[in-house]
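The values are calculated or read from the model by the stated rules, or taken from the named source; none is laboratory data. The model shown is predicted, which means the values in this text are computed figures rather than measured ones. Cβ atoms come from the backbone with ideal geometry, glycine included; neighbour counts cover every protein chain shown.
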């Protein structure tokens, strides 16, 4: 039986209440790509495939929840400056 059908069966059992949903004991590792390179779908896919044997999840950053993966360095520098000068942030 393939993994897709096993996953579907597991979801259906959970929806019927036959299998309790349990909290994740310890979340897996995540690699978040930021900057212009993170917009490259092929790069994201390649990194994800390279890390497939591990339990690392690969995704794109959302800088400040507004800018997507771009402006990571600029935003970081602004936040650092604001923290060092007592500015808001």
Being more than 23 Å from the chain's Cα centre (by Cα), modelled with pLDDT under 85 and part of a loop (DSSP other than H, G, I, E, B), is that true of even one residue in region 4-13? no
Count of residues meeting criterion [under 19 Å from residue 70 (Cα atoms) and at pLDDT below 85] in region 22-60: 0
Quick check, is residue 74 out of contact with any strand residue (DSSP E or B) (no Cβ under 8 Å at 6 or more places or on another chain) and farther than 19 Å from residue 30 by Cβ? yes
